[in-house]
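Reviewing the structure listed below.
The values are calculated or read from the model by the stated rules, or taken from the named source; none is laboratory data. Bear in mind the structure is a predicted one, so any value in this text is a computation, not a measurement. Note: ideal-geometry Cβ built from the backbone for every residue, glycine included; neighbour counts use all protein chains shown. Surface accessibility is based on the protein's heavy atoms, side chains included, excluding ligands, DNA and RNA. Shrake-Rupley method; radii C 1.70, N 1.55, O 1.52, S 1.80 Å.
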Amino acid sequence: MNVKNNARLEFLGIAENVSFARSCIGAFTAQLDCTLEDIEEIKLVVSEAVSNSIIHGYGGSRDGRVVIEASLYDNRTIEITVLDYGCGIEDLEQAMKPSYSSDPARMGLGFTFMKSFMDEMEVISKPNEGTSVRLKRSFLLREQQAYA
Amino acid sequence: MGYELKQVRNTLVVKLTGELDMLIVDRLRKEIDKRLEEQTFKNLIFNLERVSFIDSSGLGLIIGRYKKMNANSGRMYIVGASNNVEKILLFSGINKLVPIYNQEQDIISI
Ligand SMILES: Nc1ncnc2c1ncn2[C@@H]1O[C@H](COP(=O)(O)OP(=O)(O)OP(=O)(O)O)[C@@H](O)[C@H]1O
Ligand SMILES: [Mg+2]
């Protein structure tokens with residue numbers, strides 16, 4: 001699998017940048033000749049991962065940084081890694097359960113969206129060091145499945 | 001992202017424009033809750049006609065207001081979700097708690 005394009009985005013982890021991040025990655029994804037619906041789904045998962053870094057990772061402090069690295073591969077695949085240097089996740093298994101949230105006012109939908117709209121999701125986290133979420137999706141695969 | 005709160009008799013209508021994510025949710029939550037505390041509304045309507053994007057922060061806002069309305073025997077509705085937004089609403093299962101209508105008129109006349 002050859003890398004066709006690669007981008008790295010680093011920004012302050014503040015609410016204003018969530019829409020900036022998802023628009024950027026949405027525009028990047030558009031290079032893969034996918035549908036508008038596909039792009040909307042990519043924007044949603046980026047929004048979820050970045051919001052998690054800001055809300056949970058940095059807990060509202062406005063000085064943390066979020067990094068997104070995105071790669072396009074020649075078989076119409078996108079890989080996106082969102083990482084923060086925030087508080088990390090103590091119990092990853094619990095955090096990834098559908099409907100689990102450490103905040104009673106939230107629905108615990110973020111990881112469920114990421115898992116459902118992507119083909120692969122891998123979360124690596126270390127308390128007090130940070131969290132990285134790697135997401136991957138192949139539009140070729142989805143197309144083949146649709147016509148199968 | 002913009003919003004407008006308007007009262008129609010005992011109904012509070014929240015009309016949203018743009019992208020409903022964490023940036024707007026905090027401010028909007030405070031404003032809606034202030035109105036709900038000042039006065040007992042029978043209905044709360046979220047008009048999403050002009051919303052182009054929603055994520056889990058927006059869904060959390062809607063569910064939280066649903067719980068408040070429900071605790072006071074009030075009702076809540078969503079109207080005008082575009083295909084994109086409706087897909088996410090259905091995926092989250094929110095429609096099992098908050099019915100989705102095409103337009104405000106459909107509810108006001110109930
Ligand atoms: N980057 C992160 N840093 C620290 N904790 C995180 C991070 N991402 C997720 N978590 C933890 O994992 C939990 C589940 O995340 P998920 O996105 O599924 O739900 P949520 O953010 O709590 O709610 P929602 O996404 O519906 O607003 C969070 O409540 C939080 O405790
Ligand atoms: Mg989340």
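With helices as the sole contributors, chain A gives -10500 deg cm²/dmol at 222 nm; each DSSP H run of n ≥ 4 counts as -39500 (n - 2.57), and the sum is divided by every residue.
In the structure shown, do any of A:Lys43/B:Lys6; B:Lys42/B:Lys96; A:Lys4/A:Lys97; A:Lys97/B:Lys6; A:Lys97/B:Lys15 have a Cα-Cα gap over 29 Å, and if so which?
Details: A:Lys43/B:Lys6 31 Å; B:Lys42/B:Lys96 19 Å; A:Lys4/A:Lys97 34 Å; A:Lys97/B:Lys6 38 Å; A:Lys97/B:Lys15 33 Å.
Exceeds cut-off: A:Lys43/B:Lys6; A:Lys4/A:Lys97; A:Lys97/B:Lys6; A:Lys97/B:Lys15.
Take chain A, connect every pair of alpha-carbon atoms lying under 10 Å apart with a spring to form a Gaussian network, then pick out the residue of A:Ala30, A:Ala21, A:Ala49 with the largest mean-square fluctuation. Looking only at A:Ala30, A:Ala21, A:Ala49, the biggest GNM fluctuation is shown by A:Ala30.
If you roll a 1.4 angstrom probe over the protein chains with everything in place, what fraction of the accessible area of the protein assembly as shown belongs to carbon and sulfur, to the nearest %?
Carbon-and-sulfur percentage of accessible area, whole number: 47.
Residue by residue through B:55-64, how many Cβ atoms from other chains fall within 10 Å of the Cβ on average? Let's see the in-between values first.
On the way: counts 13, 15, 10, 1, 4, 8, 1, 1, 4, 4.
That works out to 6 on average.
If I take every Cα pair under 8 Å that is 6 or more residues apart in chain B, average their sequence separation and divide by the length, what percent do I get for the relative contact order? Working shown, then result.
Working: 175 pairs, mean separation 27.5, N = 110.
Computed value for chain B: 25 percent relative contact order.
Tell me: how much accessible area in total is hidden between A and B, 1.4 Å probe, Å², nearest 100? Could the numbers behind the result be given before it?
On the way: alone 8110 and 6380 Å², together 12710 Å².
The contact between B and A buries close to 1800 Å².
Sorting A:Arg65, B:Arg75, B:Arg65, A:Arg106 by accessible area puts them as B:Arg75, A:Arg65, A:Arg106, B:Arg65; the probe is 1.4 Å, largest comes first, and only protein heavy atoms count.
When the Gaussian network model of chain A links Cα atoms closer than 10 Å, the mean-square fluctuations of A:Met118, A:Met107, A:Met96 top out at A:Met107.
For segment B:2-108, what does the accessible surface come to per residue with a 1.4 Å probe? Please give it in Å². Spell out each step's value before the answer.
Values: 5140 Å² over 107 residues.
Ligands and nucleic acids excluded, the result is 48 Å² per residue.
Structure remark: mean-square fluctuation, Gaussian network model of chain A, C-alpha springs under 10 Å; the largest value among A:Ser132, A:Ser101, A:Ser53 belongs to A:Ser101.
Taking each residue of A:111-122 in turn, how many C-beta atoms of other protein chains fall within 10 Å of its C-beta, and what is the average? Numbers along the way, then the final one.
On the way: counts 1, 3, 6, 0, 0, 1, 2, 0, 0, 0, 0, 0.
Counting other chains' Cβ atoms within 10 Å and averaging over A:111-122 gives 1.
Just checking the output field for B:83-93: average partner chain Cβ neighbours within 10 Å of each residue's Cβ? Each step should come with its number before you reach the end.
Working: counts 2, 6, 1, 0, 4, 6, 0, 0, 6, 4, 3.
Counting other chains' Cβ atoms within 10 Å and averaging over B:83-93 gives 3.
Residues within the reach of a label modelled at A:Glu16 (point 7 angstrom out along Cα to beta-carbon, backbone nitrogen below 17 Å), restricted to segment A:57-90, are A:60-66. The residues of segment A:3-146 present an accessible area of 47 Å² per residue when probed at 1.4 Å with all protein chains retained.
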